[in-house]
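Remarks on the structure that follows.
The values are calculated or read from the model by the stated rules, or taken from the named source; none is laboratory data. Note that the structure is predicted; figures quoted are calculated from it, not measured. Quick reminder, even Gly has a Cβ in these numbers, built from the backbone with ideal geometry, and neighbours come from all protein chains shown. These accessible areas exclude ligands, DNA and RNA; they are computed on the full protein's heavy atoms, side chains included. Shrake-Rupley method; radii C 1.70, N 1.55, O 1.52, S 1.80 Å.
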Amino acid sequence: MAIGDSITYLNDHKNETQNRLTRGYLTQVTAQLPNIHYINKGYNGWTSGGIANRIDSLGLVKADIYTVFLGTNDWWQGRPIGTLDDYKSNAGNKTIYGSFRIIFNKLRALNPDAKIVLMTPLQRVDFVYLFDKRNNAFGSYQPKNGQTLEAVANAIAEIGKFEKIPVTDLYHNKDFPLEKLVKFKRLKAPATGTYTDYPYPKFIGIPFNPATDDYPYPEEAIDLTYDGLHPSDTGCEIIANSLVKIMKNF
């Protein structure tokens, strides 16, 4: 059972990527490990807090393996990370650490013998939603609400270390550098107004007006993500390979 946000959800909703994604990471895991069958419990836009808040109404069921892939939306929504003590003391749903404890408690109640794999969020550059350019966000190259996405990733890794369970640290995966998330961002050059393809990090700080500007990531800009945030087939292959490596040892 894969618990996650839109990156997990989109595996089975490729129409919501304009079919820029054709083989999500769950599909690619099961292609390599055909004895594994997945249940997709990904939800668009959800945080660990959102999952924890609805943990008993999500239809989670007993599974042999649970993957938990959350954190990028927690960061963007400015949820406090908290400390490992929040996790250890089961302090509630006020911090990311506390939210993960609620999720863990539920999974262990469903199957005390299940394997659990944690997945950190991957780095992100400027996100612009394919279907609504007004839905956009800057990348993890700068903090949000005084917190870095790396700090969220490190918190999730710390939970894994405390629980002695495997973590695939996608944030620090050298195959996911910021420079390769998109090939470029197409923006109007401030001096001339001419559309120009800017690679990372040159596009940082160049204005984007969702009301008047073209969508900045045409298909030829796709690299490891197709919109600055959501992994492409190639990006999903990196994620899948990291999971397969872990699951082969179960």
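Looking only at residues of the range 220-238 that are acidic (Asp, Glu) and over 25 Å from Pro190 (Cβ atoms), we find that the one that is least open to solvent (accessible area, probe 1.4 Å) is Asp233. Which count do you get for residues in the range 42-72 that are of a type in the set (Gly, Ala, Ser) and in contact (Cβ under 8 Å) with a residue 60 or more places away in the chain? Total meeting the criteria: 2. Within the range 123-140, the residues that satisfy the criterion of being in a loop (DSSP other than H, G, I, E, B) and either of a type in the set (A, V, I, L, M) or more than 13 Å from Leu229 (Cβ to Cβ) (or both) are Val125, Leu130, Phe131. Taken residue by residue, the range 82-100 has no member that is of a type in the set (Lys, Arg) and within 20 Å of Thr8 (Cα to Cα).
Counting only residues that are surrounded by 16 or more Cβ atoms within 10 Å (Cβ to Cβ) and out of contact with any Leu (no Cβ under 7 Å at 6 or more places or on another chain), the range 123-135 holds 4 of them. Residues that are over 20 Å from the mean Cα position of the chain (by Cα), under 17 Å from Asn53 (Cα atoms) and of a type in the set (A, V, I, L, M, F, W, C) within the range 80-106 comprise just one, Ala91. The set of residues in the range 205-225 being assigned to a loop (DSSP other than H, G, I, E, B) and within 25 Å of Cys236 (Cα to Cα) consists of Tyr215, Pro216, Tyr217, Pro218, Asp223, Leu224. Evaluation of Pro112 against the conditions (1) more than 21 Å from Leu26 (Cβ to Cβ); (2) part of a helix (DSSP H, G or I); (3) open to solvent by 10 Å² or more (accessible area, probe 1.4 Å) shows that the sole unmet condition is (2). Got at least one residue in the range 151-165 being outside any helix (DSSP H, G or I) and under 19 Å from Ser242 (Cα atoms)? Looking through the range 151-165, at least one residue is outside any helix (DSSP H, G or I) and under 19 Å from Ser242 (Cα atoms).
A single member of Thr148, Thr120 is closer than 16 Å to Leu229 by Cα, of a type in the set (Val, Ile, Thr) and open to solvent by 10 Å² or more (accessible area, probe 1.4 Å), and it is Thr148. Take the conditions under 28 Å from Ser232 (Cβ atoms), among the small types (Gly, Ala, Ser) and either in contact with a Cys (Cβ under 7 Å, 6 or more places away or on another chain) or touching a residue at least 24 places away in the same chain (Cβ under 8 Å) (or both) and apply them to Gly78. Does it pass? So Gly78 fits the description; yes. Of the helices (runs of 4 or more DSSP H) lying entirely inside the range 24-88, those containing at least 2 residues that are open to solvent by 20 Å² or more (accessible area, probe 1.4 Å) are 25-32, 72-76, 84-88. In summary, Asn173 fulfils each of the numbered conditions (1) of a type in the set (S, T, N, Q); (2) assigned to a loop (DSSP other than H, G, I, E, B); (3) closer than 14 Å to Thr72 by Cα with the single exception of condition (3).
For the range 163-173, the criterion of a residue being of a type in the set (A, V, I, L, M) and closer than 29 Å to Glu220 by Cα is satisfied by at least one position.
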